[in-house]
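The values are calculated or read from the model by the stated rules, or taken from the named source; none is laboratory data. Fair warning: this is a prediction, and the values are worked out from it, not measured in the lab. Counting neighbours? That spans all protein chains shown, and the Cβs are built from the backbone with ideal geometry, glycine included. Only protein heavy atoms, including side chains, enter the accessible area calculation; ligands, DNA and RNA are left aside. Shrake-Rupley method; radii C 1.70, N 1.55, O 1.52, S 1.80 Å.
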Amino acid sequence: MTSTPERERPPHERTESLADLLGGRRGAVDATLPPVAFAVGWLAAGLWGGVAAAVATGAAVAGWRLRRGDRPRSVLIGLLAVCVAALIALRTGRASDFFLVQLASNAASGLAWVVSIVVRWPLLGVVVGAALGQRGRWRRDPALLRAYGRGSWVWAATHLLRLAVFVPLWLGGQVIALVVARVALTWPLVAAALAVSWVVIRRSLPPGHPGLRHPAPPSDGDGGPES
């Protein structure tokens, strides 16, 4: 063969990041628009104005995402979350309760990330493995399994951080502060988590490892994922 062997080429991961694989920043930016619209509408016309602005903005974002080719299921889930948040706020009469769905989502997500690490199915590996079409092959690589586990702690920490900030603001009914925190702890935090977890993964892999796209089989002395 005249071509350069795969292991002699610079690894793909030196030019490709988790952001390239997951596209997390774009979705996070979209998620901040309905809460911002809610705050503007609430300040201008009270609770009903905030709800109407949030739902209208959520519908507009959903339509835009569908036109750019996003999966209908994820688009509808995002729009449904906005509608449920609006209904809760109307039901309780508290504008701050618009963020209850966000609180519950972060609590559930943080728990899911922690449990996934404990049971040795780290969600970062599940998501990236699915994006790369690997199914569960990455779990047969002990180094990659360990790296994904360490990287997943970064994402678990983001949900715990949001809860630590959101819960006191929600208890105090601080609507504007909740919106500011939602924006500050959504796309900037996702961008930071993508960067930090990527560094953690790369530093966790041993020298010479072929990278995320090429899970290496366990050596004879390694018990694999069940060890």
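When all protein chains stay in place and ligands, DNA and RNA are ignored, the 1.4 Å accessible-area order of Arg135, Arg213, largest first, is Arg135, Arg213. Of the residues Ile117, Ile88, Ile77, Ile176, ranked by 1.4 Å probe accessible area with the largest first, the sequence reads Ile77, Ile176, Ile88, Ile117. Label positions at Arg137 and Ala44, each projected 7 Å from the Cα along the C-beta direction, are separated by 5.2 nm.
A straight line joining the Cα centroids of the range 37-75 and the range 93-139 runs 24 Å. The accessible area of Ser96, taken with all protein chains in place and a 1.4 Å probe, comes to roughly 0 Å².
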